[in-house]
Amino acid sequence: MGNIVTYMQEEQRTFSELPFHAVDSLICSVICYFDFDRSPVAVRAGGEETLLHDIVALSDWDALCAGSWLEDSKETGAFMQALMASRRYRAMSVAFYANEFSNAVEKQFSAVTLFLGQGDAYLAYRGTDGSFAGWKEDFNLCFRHVIPSQRSAEAYLSGVASATGSRPLIIGGHSKGGNLAEYASLVCPEGVFERIVAVYNHDGPSFLEDPSPRIEDPTFAAKLHKTVPESSAFGMILE
């Protein structure tokens with residue numbers, strides 16, 4: 001049976017030749033787990049773009065994957081090799097890296113924007129890392145209407161949208177990151193929402209209460225793509 005690594009090895013068409021879809025989003029959601037602070041190639045908080053291939057090629061992979069589930073995955077090495085060799089992904093660039101952590105307010109938030117090369121920008125929200133604050137924030141989703149990372153996700157979307165002109169936006173994330181992507185798209189200003197092409201929630205939980213009436217809008221339903229694997233547990237919470 002194939003997985004995202006075999007997909008990356010076999011699918012060499014560019015995004016212009018084969019449009020972006022859910023498997024691409026899942027791969028971008030994995031890239032979001034990289035600790036870009038540990039890369040010798042600077043990834044800026046602002047709009048200066050850095051080639052993804054250079055980051056992967058010049059970084060220590062153990063350092064880049066430290067603190068996330070990637071450091072224990074048997075597929076991580078193959079994923080990195082496929083990412084560098086892929087005609088589809090190696091030309092992507094990275095910018096607007098955010099990494100915020102606070103035990104005091106129980107917040108673990110990280111996001112990065114990937115420019116796909118044909119005009120679209122993918123805003124990737126990171127899921128839970130190995131920190132205590134990150135796991136506690138997951139539990140807070142079950143009884144708090146809004147958590148700190150959701151507020152940061154909203155601000156991040158608005159900031160990147162403002163800085164990228166009229167670029168089409170794709171938003172996504174895995175686990176808690178999928179929840180953040182969906183939340184940000186529900187509460188963002190109408191002008192930003194109109195630029196959103198798709199929202200991908202990969203095995204992320206739902207909400208204690210609907211964040212916005214937009215959740216009942218057919219336009220939002222058409223943009224939302226939720227992936228729930230057979231082994232899902234976290235992604236079905238509050239569903």
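Of note:
- Distant alpha-carbon pairs in the range 1-74 (separation over 17 angstrom), percent: 54
- Average Cα contact separation per residue, the chain, under 8 Å, 6 or more apart, as relative contact order %: 16
- Glu154 - accessible surface, heavy atoms, 1.4 Å probe, Å² rounded to 10: 50
- Full extension of the chain between Ser73 and Ala155 gives 26.3 nm of extra length, using 0.36 nm per residue less the Cα-Cα distance.
- Kirkwood hydrodynamic radius of the chain, from inverse mean 1/r over distinct Cα pairs, in Å: 17.8
- HN-Hα J in Hz across the range 146-157 - Karplus 6.51, -1.76, 1.60, θ = phi - 60°, x for Gly and Pro: 9, 10, x, 5, 5, 5, 5, 5, 4, 5, 5, 4
- Residue by residue, the range 61-68 carries 3J(HN,Hα) couplings of 5, 4, 5, 5, 9, 4, x, 10 Hz when phi is fed to the Karplus relation 6.51 cos²θ - 1.76 cosθ + 1.60 (θ = phi - 60°); x denotes Gly or Pro.
- Largest to smallest in accessible area, the residues His174, His202, His225 fall in the order His225, His174, His202 (1.4 Å probe, all protein chains included).
- Our coupling estimate for the range 79-89, obtained by passing each phi through the Karplus curve with A = 6.51, B = -1.76, C = 1.60 and θ = phi - 60°, is 4, 5, 4, 5, 5, 5, 7, 6, 5, 7, 10 Hz, Gly and Pro reported as x.
The values are calculated or read from the model by the stated rules, or taken from the named source; none is laboratory data. In this text the structure is predicted, and so the values were computed from the model without any measurement. For the accessible areas, the whole protein counts, side chains as well, though only heavy atoms, and no ligand, DNA or RNA atoms are used. Shrake-Rupley method; radii C 1.70, N 1.55, O 1.52, S 1.80 Å.
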